[in-house]
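Engineer: First, the structure itself, so that you have it in front of you.
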Amino acid sequence: METAELALTQQDLVFGFENVADWTASAGIRESSTLHTEGAAALGLRDFAYAELTSSALSTLSGVTDELKLDIRVPVSAGWAQVQMFVTSPTLGLYRAPVDLAPLNDVPANTWSTLSFDVPANLQSALQQSYSDLRIILALNGPRSSTAATVLDNLRFEGGTPTPACGDNSPYTLDVTTVPNFDNVILEDMICTFYAVYPQLVQRFNPAAATTVGLHITDEPGIAWASGTNTFYNREFMLDNPLGADVVVHETMHVVQLGYWGEVPGWIIEGGADYVRDAYGLKNDEAGWSIPSGWTYGSHYLFGYGDAAAFFKWIDATYRVGLPPVVDALDDIFRDGAYSSATWVDLTGHDLETLWQQYSNYNAPLPATSGITVYEHAGFGGRAVVLDRGEYDLVDLRARAVANDWISSIQVPPGYTVTAYYDAGYTGTSVQYTSDASTLGATNDKISSIVIE
């Protein structure tokens, strides 16, 4: 009976030095050696005093532990010689990251010896992540021999029990890219957060959600955002918030939300994402992140995020006891393309503005019915808010769903005078309007407080 041999992986071939072509040398002469400790061949290098052997690109390694070992056979015993190991992976933000150094002092000639390299904890964590561009560099310093080779074989992980990498045996794949000088501990925390939470979001909201998701660390401006099945995180923001890996919960919820159609208000999308971060986040308390505990003056559901998430939780506690949470119900409605203003009546028995008044215990300002109108976009486009005569500092504007630096055009009926200020507290540059302004020029998206007379 024939026994089938297991196919060698890329890692087996490179770590086993089976093919000379898998390693390049900065000096000396490479050759395949029949002297070996495993496999069918080993790598010999002769006629060098200092040389760097660099492996071909490796994908995510298996069996990563805190110790690497390497078999070596030197042609001459030397009083001073060494092998130093480095790793490089642009995906992981590693560039000649040192692993360890192993001395060759007085290693006996023409016999196999084993060198040990301790793998630092941060590199061990990094090597358990996803990548396809890892290269190992072995820097050899030793006595020159033009006729006999230094032979290397059987690079392998040994030592402690391998720590299972986040995502082992997961049905989901995380495509990770990063930039130089990112923190591998933060990256690992983000990866583990994805594998812990994303399957739960998929099961709850969208079993047909993507099985491959991108997680990309970038220097592009912003905090974090999603596009299709890819999520993006600004490097500086993550470095400034090392405990903020739960932002991954918010962004991957946007991946789960794919498939909505029809009218889909953005405030519900963002509020739903913060709702699930509040429910599933692993380190929200440590990071000092939370949604509001209830209504506060200056908040508005139209801002989405925590303001809307807190509103949703109140709706659940007030009108959805024993029923699916409102975020789940809205998810189903959006997938059917059936959202309308009547949705809130169907879900709670009340329209949206009545719910907001109840949530605020009737302290939220009612929408004005006359006065000037400020618009989100130039040309009197986008969302519109009517403001009657009075003084509106930034918190007053926010309470009426006018965000800071939001106004791009203004309609001013006859008899009204509007003084708009660049800064809160009616300070900074001011501009006065007594008639309609379809564009605001330099004042566009600069207004933080208003006086209407």
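The values are calculated or read from the model by the stated rules, or taken from the named source; none is laboratory data. Predicted, not measured: the structure shown is a model, and the values here were computed from it. Reconstructed Cβ throughout: ideal geometry from the backbone, glycine too, with neighbour counts over all protein chains shown. Accessible surface areas use protein heavy atoms only, side chains included; no ligands, DNA or RNA. Shrake-Rupley method; radii C 1.70, N 1.55, O 1.52, S 1.80 Å.
Engineer: Roughly what would the spin-label model give for N110 and F237, points 7 Å off Cα along C-beta, in nm?
Structural biologist: 6.5 nm
Engineer: Given 0.36 nm per residue, what is the gain on full extension from A338 to R204 after removing their alpha carbon distance, in nm? Don't jump to the answer; show the numbers that get you there.
Structural biologist: Details: separation 134, 0.36 × 134 = 48.24 nm, distance 1.98 nm.
Net length gain for the segment: 46.3 nm.
Engineer: Next question. Using the alpha-carbon atoms, what tilt in degrees (0 to 90, nearest 10) does helix 184-205 show relative to the longest principal axis of the chain?
Structural biologist: It is inclined by approximately 60 degrees.
Engineer: While we're on this one: Set Lys and Arg Cβ to +1 and Asp and Glu Cβ to -1, take the dipole of region 237-391 about its Cα centre, and tell me which of V374, V276, M253 lies farthest positive.
Structural biologist: V374
Engineer: Give me the one-decimal Kirkwood hydrodynamic radius in Å for region 260-307, with the sum taken over alpha-carbon pairs.
Structural biologist: On the way: mean 1/r = 0.0851 Å⁻¹.
So the Kirkwood estimate lands at 11.7 Å.
Engineer: Also, I was wondering about something else. Treating only the Cβ of Lys, Arg, Asp and Glu as charged (+1, +1, -1, -1), what charge dipole size does region 260-366 show about its Cα centre? Round to the nearest 20 debye. Mind dumping the intermediate values first?
Structural biologist: On the way: 5 positive and 15 negative charges, 37 e Å.
Charge dipole of region 260-366: 180 debye, to the nearest 20.
Engineer: Under a crude label model (7 Å from the Cα following the beta-carbon direction), how far is H377 from D219 in nanometres?
Structural biologist: Placing both labels 7 Å along Cα→Cβ, they lie 3.3 nm apart.
Engineer: Roll a 1.4 angstrom probe over the protein heavy atoms and tell me the percent of accessible area of region 1-154 that is carbon or sulfur. Working shown, then result.
Structural biologist: Numbers: 3500 of 6940 Å².
That fraction is 50 percent.
Engineer: Still on this structure, I have one more. Using a 1.4 angstrom probe, figure out how much accessible area the chain has per residue, in square angstrom, rounded to the nearest whole.
Structural biologist: On the way: 20190 Å² over 453 residues.
Solvent-accessible surface per residue comes out at 45 Å².
Engineer: Further, regarding this structure: Hey, could you get me the Stokes-Einstein D for region 28-180, Kirkwood radius over alpha-carbon pairs, 37 °C and 0.692 mPa s, rounded to whole µm² s⁻¹?
Structural biologist: Details: Rh = 16.5 Å.
Estimated via Stokes-Einstein, D reaches 199 µm²/s.
Engineer: Roughly speaking, what is the centre-to-centre gap between region 132-193 and region 200-250 when only Cα atoms are used, to the nearest Å?
Structural biologist: Region 132-193 and region 200-250 have Cα centres separated by 24 Å.
Engineer: Quote the charge dipole size of the chain about the Cα centre in Debye, to the nearest 20; the model charges only the Cβ of Lys and Arg (+1) and of Asp and Glu (-1). Could the numbers behind the result be given before it?
Structural biologist: Details: 20 positive and 54 negative charges, 87 e Å.
That gives a dipole near 420 debye.
Engineer: With the dipole of the chain worked out from charges on the C-beta (+1 for Lys and Arg, -1 for Asp and Glu) around the Cα centre, which of A51, A126, L352 lies farthest toward the positive end?
Structural biologist: Going by the Cα projections, it comes out as A51.
Engineer: Cα axis of helix 305-319 to longest principal axis of the chain: angle in degrees, 0 to 90, nearest 10?
Structural biologist: It works out to around 70 degrees.
Engineer: Right, something else. Roughly how many percent of the accessible protein surface of region 345-453 is carbon and sulfur, given a 1.4 Å probe and a whole-percent answer?
Structural biologist: On the way: 2370 of 5070 Å².
In region 345-453, the share of accessible area belonging to carbon and sulfur is 47 percent.
Engineer: In degrees, nearest 10, range 0 to 90: what is the angle between the Cα axis of helix 247-256 and the longest Cα principal axis of the chain?
Structural biologist: 80 degrees
Engineer: For the chain, what is the mean residue ellipticity at 222 nm derived from helices alone (per DSSP H run of n ≥ 4: -39500 (n - 2.57); sum divided by total residues; nearest 500 deg cm²/dmol)?
Structural biologist: Working: 12 runs with 116 residues, N = 453.
Computed ellipticity for the chain at 222 nm equals -7500 deg cm²/dmol.
Engineer: Work out the FRET efficiency for T147 and T9 from their Cβ-Cβ distance, taking R0 = 35 Å, and round it to the nearest 0.05.
Structural biologist: Values: r = 35 Å, r/R0 = 0.99.
Plugging the Cβ-Cβ distance into 1/(1 + (r/R0)^6) gives 0.50.
Engineer: Any idea what the dipole of region 150-217 comes to, in debye rounded to 20, about its Cα centre with Lys/Arg Cβ at +1 and Asp/Glu Cβ at -1? Could the numbers behind the result be given before it?
Structural biologist: On the way: 2 positive and 7 negative charges, 56 e Å.
With only Lys, Arg, Asp and Glu charged at Cβ, the dipole is about 280 debye.
Engineer: Which whole-number percent of Cα pairs in region 161-309 have a distance greater than 24 Å? Don't skip to the end; give the middle numbers.
Structural biologist: On the way: 3469 of 11026 pairs.
I get 31 percent for the Cα pairs in region 161-309 exceeding 24 Å.
Engineer: Put +1 on the Cβ of every Lys and Arg and -1 on every Asp and Glu Cβ in the chain; which of V431, W314, A399 then has its Cα farthest towards the positive end of the dipole?
Structural biologist: V431
Engineer: A further question follows. To the nearest 0.05, what FRET efficiency results for T354 and T65 with a Förster distance of 56 Å applied to their C-beta separation? Present the calculation step by step, with values, prior to reporting the outcome.
Structural biologist: On the way: r = 61 Å, r/R0 = 1.09.
Once rounded, the FRET efficiency stands at 0.40.
Engineer: So if we plug the beta-carbon distance of N122 and D388 into 1/(1 + (r/R0)^6) with R0 = 51 Å, what FRET efficiency do we get, rounded to 0.05? Don't skip to the answer; put the middle values down first.
Structural biologist: Details: r = 59 Å, r/R0 = 1.16.
FRET efficiency, N122 to D388: 0.30.
Engineer: Roll a 1.4 Å probe over the protein heavy atoms and report the accessible area of E391 in Å², nearest 10.
Structural biologist: Spelled out: E391, probe radius 1.4 Å, area about 120 Å².
Engineer: Pop out the carbon and sulfur fraction of the accessible area of region 160-287 as a percent, whole number, probe 1.4 Å. Please list the in-between numbers first.
Structural biologist: On the way: 2800 of 5540 Å².
Carbon and sulfur: 50 percent of the exposed surface of region 160-287.
Engineer: Further question on the same structure: Report, largest value first, the span of the C-alpha coordinates of the chain along each principal axis, in whole Å.
Structural biologist: 100, 57, 34
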